[in-house]
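See below for the structure under consideration.
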Amino acid sequence: MILALTNINISNAQFIPATTNDLIAEDNVQNTVNTGNDIITYEQGFFQVTVWDGDFAMLGWDIGTGAKLAFKLDGTNYGHCDDPDVVLYTVNNKVYAFIIYLIKNDVWLEVQEYYQGNWSTYVSATQISSGHICHNPNVDVDNAGNVVAVWEESNKLKILYTDIQYNSNNIQTLLDGENNTLRDPDVAIYYRSSGNTKIVVCYIIASQSSETLTLIEIDSWQSSTGLNFLNYPVSLPGYFGKPRVAASLFTSSSAFNFEIVVDKHQSVYNYIIGFNYQSSGVSGPTIINPDLVEYENNAPAVSFAGNSVNISVIWENNSIWSNQIDIIQKKLHLNGSPTTPLLEYQVVNMLTSDDQTIPSVSGKNSGGQRAMYSFYDNALSEIRYKESWIGNNSVRLAHFENRALISPNPATNYIQLNLGQEIEVAKIVIYDASGRIVLEDDYFELNSRIQTGNFEQGVYFIRITAENYNKTSKFIIL
């Protein structure tokens, strides 16, 4: 597969900060490197929680008031808590928060209970790993209260089957990385009927020559038998970030659906890649950020939005506007394809004067096309969050459109230049990668196509010169 080299016409980028306020879960938060969140419908509104690490791991919560409410995790009584994740579920009108994290490289969990305005510790902080070095615990819950968690433990992929109140503890080894390095697992669970679930685990396997994104499907509850049904490699020195997976919400009329996202870094290009898994099989990879790959794109997160037909993918983008990091979103159809032209995105954060990092998103249990977003403001040392519609054209989140100079890119038979209506005629010179001129026109009409059907496959450069305009850009011929 050939990935496109794309260009950004900065003058055409329309950037507007988000119009919904960034609410503050906690301020004066230091050394935070991970966040997690979840949202459920509760009584007449939404129940939202965010967890984060740092000097003190905490849980912030909101039931629609926007108030700054947070408390330390019970695990802080036993040591420094790192890399937390959280899921929510209700039982008898009580809200349970199942939280998993690391303490001194061991995996711990706790369960917090909310009832009639108060939190209490339902399950105290409990170590569940076996004393080996562990990394990257993650957790998910289905709409029957089944909980599944995964982590890497001494190069083995571990999985926990339990329920939201932690009434059982079934830990199994899914696989051994053996001579390769296994890292960064994530998990999502889809409920079909009692005792009938589907689970997808994604992780990275690194060898001496490549890294591979691998997916495992587990087709029955508490069964460690799985099938590796996708292996997607990148050759070194290219590398993957942390993959993330989300499952759709069960309804009587819907089939299972999983979306997997990962950041892929190759040469100077930084891609957000998506895969979609349904009963018909896996589709992808889809490049979710085709016109932003020349800028830093990291830490994608993904969630379905209620029982709607949309998926939210968010990530850090080291800004094309102001050398700041912003959280941007792309909304996808259930098949993993974008809902609008590829060059349209949303900006999640309202404050744009600082770096916004470490994003999390959740929305499966929001009841509609809504999601909760959490992230960290580096300059102000604040954990920020918001709940919003995820629609690309929603006024509740900002919208920007970025028009590429060359389209399509990559191309086969032709390319079109998009310079704006103020330029009608220009001189163009096209070079191949060796510097040889393959096409030159002193009076090219810019509303015309450049025919490339006789070009060999490869990378090309086009220099465009007009009055008060001089630009060189790259494109690919497939």
(message) Please arrange S154, S209, S374 by how many other C-beta atoms lie within 10 Å of their C-beta, fewest to most.
(response) S209, S154, S374
(request) Count the net charge of all other residues whose Cβ sits under 9 Å from the Cβ of Y271, scoring Lys and Arg as +1 and Asp and Glu as -1. (result) 0
(message) Per 0.36 nm of contour for each residue apart, how much would the distance between Q278 and T126 grow if the chain were fully extended, relative to their Cα-Cα spacing?
(response) 51.2 nm
(request) With an 8 Å cut-off on Cα pairs and a minimum separation of 6 or more residues, tell me the relative contact order of the chain in percent. (result) 14 percent
(message) At a 10 angstrom cut-off on C-beta neighbours, averaged per residue, how do the peptides 133-139, 428-434 rank from highest to lowest?
(response) 133-139, 428-434
(request) Write down the Kirkwood hydrodynamic radius of region 406-477, to one decimal in angstroms, obtained as one divided by the mean of 1/r over all alpha carbon pairs. (result) 12.3 Å
(request) Just rank V309, V91, fewest to most, by other beta-carbon atoms within 10 angstrom. (result) V91, V309
(message) If I model a spin label as a point 7 Å beyond the Cα along the Cα-Cβ vector, how far apart are those points for N231 and E113 in nm?
(response) 4.7 nm
(request) Once you have the Cα-Cα distance between V425 and S267, take 0.36 nm times their residue separation minus that, and quote the gain in nm to one decimal. (result) 53.4 nm
(message) What does the extension gain come out to for A255 and L69, with contour length at 0.36 nm per residue minus their alpha carbon separation?
(response) 63.2 nm
(request) Please report I273, I128 as a ranked list, fewest other C-beta atoms within 10 angstrom at the top and most at the bottom. (result) I128, I273
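Every number here is computed from the coordinates shown, using simple stated rules; none is lab data. Predicted model only: the values in this text are computed from it and were never measured. We place every Cβ from the backbone using ideal geometry, glycine too, and count neighbours over all the protein chains shown.
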